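Here the structure is laid out as C-alpha cells; the discussion comes afterwards.
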Amino acid sequence: MAASPLPPPDPRFVLRGTQSAVHALHFFGGAEGQGQPLLLSGSLSGLVHIWSLQTRRAVATLDGHRGQCVTWLHSLPQGHQLLSQGRDLKLCLWDLAEGRNAVVDSMHLESMGFCRSTVLARGQGHWMLAMPGRGSDEVQILEMPSKTSVCTLKPEADAKPGMPMCLELWQAESSPRPLLLAGYEDGSVALWDVSERKVCSRVACHTEPVMGFDFDSQKARGVSGSAEKALAVWSLDEQQALQVCKTHELTNPGIADVKIRPDRKILATAGWDHRVRVFHWRTMKPLAVLSFHSATVHCVAFAANGLLAAGSGDQRISIWSLYPISSDSSTPLSGHVEDTEVGAHALA
C-alpha cells in the first residue's frame, strides 16, 4: 500500500508590513561576510522596503515613486546602488551605502507599459540599460551612468509583436556583443543583436502576452509564462535561432513571474491562482506546489544561498527553504505534487 503523501511545506517565515500588494522582489547580497542577504520589496503603494532576514523586519523604507506601484528592483554589481522602476514613469538610482537611502539620479520612462527594465554589467562602474522605449513596441538601450543612447530597437514593419512585456540583456562568454531577449504582447520571444540593431530570431511561445521569463545562458535555454495554462521552454542554438523545446501544462491559467535558481537546478513560478510552483529545471518535473498565499502571487526571487521569496497581493512575503544548494544533499523536501511525495534526490 502506497504511503500517504506528505503535506505541502510551510514557509520558513513570513514578512508582513508592506501595507499594500507586493509587485517586485530582489535579493541584495551586500558586502561579503555579512551573512544573510537583504531582501528588497516593491509595493503597489510606491514604497521599497529593505528587509533584514535575520531580524525579519524592515530596516529601511524608500519612497521615490509618488505613490505609484514599484514594478522592478535591481542592485548594481559594484557598490551599494539600487535601481527601482515605478508606474510613475521614473527609474530611480539609490545609494544604499553606509545606511544612506537617497535618490542620487533618476530617469523618465517614455512608456507606461508593464515592461520591466534590465541591466548588463559593462566593467567597473558602467552598465548597459534596456528599458521600454517611446514607441509602444520599442526598446531603448542606454550606456549608464552617462545615459548615452546606444540605439532604439524597433521591430520590422511586418512583425507587429505589440508591446515588449519583459526584457533580459545578456552576453555570451564567447562574444563581446550584447544580446537582448524580449518577450512581447503577441506571445513571442525575440533575440536582438544590440550592435546590429536587428532581430536574430523570433519564436511564438504563447497565444497570450509573455508575462515573465528567465534565461539560463549556460544552458542557452529559457522558460516563459503568460495568461495561458502552460509554461514554454525554449532554447537558443549556435546559429542564434530560437525554438520551443516543450510546453508544460498547468492546473490553472496565469503566470506573473518565472525565476530560475542561481545554481540552475530548480525554477519557481508566481501564479494568478495564489500558488508558487517549483519545477526541476532540466526535466521540468513538478516538485512542489506552495499554497500559502490568499491572493495573486506577483513575483518570486531566489537568493544566492537558495532561499526563495514570493510576494503577493495579500501584502505578505513568504520565505521558503527548498532543496538545499548541495550536489550531494539527500535531505527530503516535505512537498506534494499531484499526490506524489518528492525528495531532494529528484534534483540529481
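The values are calculated or read from the model by the stated rules, or taken from the named source; none is laboratory data. All values reported here derive from a predicted model rather than from experimental measurement. Heads up, the Cβs are rebuilt from the backbone with ideal geometry, glycines too, and the neighbour counts pull from every protein chain shown. Calculation scope for accessible area: heavy atoms of the full protein, side chains included, ligands and nucleic acids excluded. Shrake-Rupley method; radii C 1.70, N 1.55, O 1.52, S 1.80 Å.
The lone criterion from (1) over 23 Å from S235 (Cβ atoms); (2) exposed (fewer than 14 other Cβ atoms within 10 Å of the Cβ) left unmet by R177 is number (1).
Each row is one residue, and each column tells you yes or no for (1) β-branched (V, I, T); (2) at pLDDT 90 or above.
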position: G17; (1), (2): no, yes
position: L25; (1), (2): no, yes
position: I50; (1), (2): yes, yes
position: A60; (1), (2): no, yes
position: R66; (1), (2): no, yes
position: G79; (1), (2): no, no
position: R100; (1), (2): no, no
position: M107; (1), (2): no, yes
position: S117; (1), (2): no, yes
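Would you point out the residue of region 281-330, among those that are closer than 12 Å to L267 by Cα, among the aromatic types (F, W, Y) and modelled with pLDDT of 95 or more, that is most open to solvent (accessible area, probe 1.4 Å)? My answer is F302. Scanning region 108-136 for residues that are surrounded by fewer than 20 Cβ atoms within 10 Å (Cβ to Cβ) and of a type outside the set (A, V, I, L, M, F, W, C) gives H108, E110, S111, G113, R122, G123, Q124, G125, H126, R134, G135, S136.
The set of residues from region 59-99 being open to solvent by 50 Å² or more (accessible area, probe 1.4 Å), in contact with a Phe, Trp or Tyr (Cβ under 8 Å, 6 or more places away or on another chain) and assigned to a strand (DSSP E or B) comprises V59, Q81. Listed by first and then second residue, the pairs with beta-carbon distance under 9 Å, at least 6 apart or on different chains, first residue in region 276-288 and more than 18 Å from W234 (Cα to Cα), second in a strand (DSSP E or B) and of a type in the set (K, R), are L287/R277; A288/R277.
Pairing residues of region 175-200 that are more than 13 Å from P161 (Cα to Cα) with residues that are hydroxyl-bearing (S, T, Y) and outside any strand (DSSP E or B), at Cβ distances under 8 Å and at least 6 apart in sequence or on separate chains, gives R177/S195; P178/S195.
Entry remark, region 194-231: residues being open to solvent by 10 Å² or more (accessible area, probe 1.4 Å) and in a strand (DSSP E or B) number 13 in total. Against the list (1) closer than 23 Å to E173 by Cα; (2) open to solvent by less than 20 Å² (accessible area, probe 1.4 Å); (3) free of Cβ contacts under 8 Å to residues at least 40 places away in the same chain, the condition W234 fails is (3). So, P5, is that one at pLDDT below 95, under 20 Å from the mean Cα position of the chain (by Cα) and open to solvent by less than 80 Å² (accessible area, probe 1.4 Å) or not? Against the criterion (at pLDDT below 95, under 20 Å from the mean Cα position of the chain (by Cα) and open to solvent by less than 80 Å² (accessible area, probe 1.4 Å)), P5 does not qualify.
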